[in-house]
Amino acid sequence: MRRLALVLTLALAACRGAPTPPPEPETPEQRACRAEAERSPELGRVYAQANPAMADNRERLEAEARRVRARAFRDCLRARGLPAPGGVEPVTPR
């Protein structure tokens, strides 16, 4: 019985994988681009569609707003000649 418990414990520990490293601190340029993304006219158009009475609408708009923010942020960084964070694959906001 002890062996089974030990094997299960080790199997569960192996499934966890490596711990996620802490995020890198933002540079001043990244903070400026994040602020610019918040002021994006496209983000304003997404929020203009808000209807608080409909939960489905709210969830859809929150997802769309995350995509718009991420795109505006990456576009700002690209315009300034800076690399986007996250390496090869863009960071997906959650």
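The table below lists the values:
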quantity: Label-point separation in nm, residue 27 to residue 39, each point 7 Å along Cα→Cβ; calculated: 2.1 nm
quantity: Distance in nm between pseudo-label sites at residue 49 and residue 64 (7 Å out along the Cβ direction from Cα); calculated: 0.1 nm
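No lab work stands behind these numbers, since they all come straight from the coordinates. Everything numeric in this text was worked out from a predicted model, so none of it was measured. Neighbour counts run over all protein chains shown; Cβ positions are idealised from the backbone, glycine included.
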